[in-house]
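Shown next, in structure tokens, is the structure this report addresses.
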Amino acid sequence: MQATEPGNDGTGLTRRSFLETSALGALAAAGASTSANAQAETYRFGGEVVAWHGREPSSIANTDNPTLQLEPGQQYRVVWENLDGQPHNFTIRDDQGNELESTETTSEEGATLSLTFTATPEMSDYICTVHPTTMIGDIQMPGGGGDGDGDDGGSGIPTDAYFFAGAVLLAFVSPLLFAIVLLFVGTGDRVPSGE
């Protein structure tokens, strides 16, 4: 019979070695995620009253008020330059219009400001609060959140709810349509007037 160490199940893996290996794995994973988050993806804009002009990365370059595709939990940096000497700020809002992140307002032409933030599912759009009708763009996140989750145009209503609403509407409308058809077409059961 083979002798085993206390806590050893015969597979050669003791409780201590298992815990040490698990701890090392957790530290390595934490280190990898920390270094990944340390590299914030950067978006660059030029800001003037007519729009936010996308500059970098190439996915938003030469686009006015481009939609930003963000991943929840990922760190991002927005760098923007005041192009026209008018007061501007860069503000991220939720779908209720509440401010989540913002730079200060500057009216100095050529001034460059930056905002570093971690994306959250509540983020819906970015805006200059001084020029909210022209300097506004959407934020989209895969799998929900933001202004567009891909399934239903960003309304936040599950697709099944649309089918259910359509079925209920059809249940109410179909008897009405049947009555209208009978009114105009008739049933064919009319009694001749001479009898």
Check: For the stretch 79-135, how many residues are part of a strand (DSSP E or B) and not polar (S, T, N, Q)?
Finding: 17
Check: What single numbered condition from (1) open to solvent by 60 Å² or more (accessible area, probe 1.4 Å); (2) at pLDDT below 80 fails to hold for Asp152?
Finding: (1)
Note to self: So in the stretch 91-112, with the set limited to residues that are within 15 Å of His131 (Cα to Cα) and within 15 Å of the chain's Cα centre (by Cα), which one is most open to solvent (accessible area, probe 1.4 Å)?
What the structure shows: Arg93
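Okay, residues lined up against (1) on the phi < 0 side of the Ramachandran plot; (2) loosely packed, with under 12 Cβ neighbours inside 10 Å; (3) at pLDDT below 95:
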position	(1), (2), (3)
Asp9	yes, yes, yes
Leu27	yes, yes, yes
Ala40	yes, no, yes
Asp64	yes, no, no
Margin query: Checking Gln140 against (1) in contact (Cβ under 8 Å) with a residue 60 or more places away in the chain; (2) over 20 Å from Asp64 (Cβ atoms), only one condition comes out false. Which one?
Written below: (2)
Next item on the list: Consider Gly46 carefully, then state whether it is part of a strand (DSSP E or B), of a type outside the set (Phe, Trp, Tyr), open to solvent by less than 40 Å² (accessible area, probe 1.4 Å) and in contact with a Pro (Cβ under 7 Å, 6 or more places away or on another chain).
Entry: no
Notebook entry, point to check: Which residue pairs have Cβ atoms under 9 Å apart, sit 6 or more places apart or on different chains, and have a first residue in the stretch 48-77 that is without any contact (Cβ under 8 Å) to a residue 60 or more places away in the chain and a second that is open to solvent by 90 Å² or more (accessible area, probe 1.4 Å) and of a type in the set (S, T, N, Q)?
Noted result: His53/Asn62; Gly54/Asn62; Arg55/Asn62; Ser59/Gln69; Gln75/Gln39
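Which residue, of Asp138, Asp160, Asp147, is open to solvent by 40 Å² or more (accessible area, probe 1.4 Å), in contact with a Gly (Cβ under 9 Å, 6 or more places away or on another chain) and modelled with pLDDT under 80? Explain how you work it out, then say what you get.
Working: Asp138 fails: modelled with pLDDT under 80; Asp160 fails: in contact with a Gly (Cβ under 9 Å, 6 or more places away or on another chain).
Among Asp138, Asp160, Asp147, only Asp147 is open to solvent by 40 Å² or more (accessible area, probe 1.4 Å), in contact with a Gly (Cβ under 9 Å, 6 or more places away or on another chain) and modelled with pLDDT under 80.
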Note to self: Regarding the stretch 62-83, can at least one residue be identified that is of a type in the set (Gly, Ala, Ser) and more than 20 Å from Met123 (Cβ to Cβ)?
What the structure shows: no
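The values are calculated or read from the model by the stated rules, or taken from the named source; none is laboratory data. Worth saying up front: this structure is predicted, and the values here are computed from it rather than measured. All Cβ positions, glycine included, derive from the backbone under ideal geometry; neighbour counts span all protein chains shown. Each accessible area value is taken on the protein alone, full model and side chains, heavy atoms only, with ligands, DNA and RNA left out. Shrake-Rupley method; radii C 1.70, N 1.55, O 1.52, S 1.80 Å.
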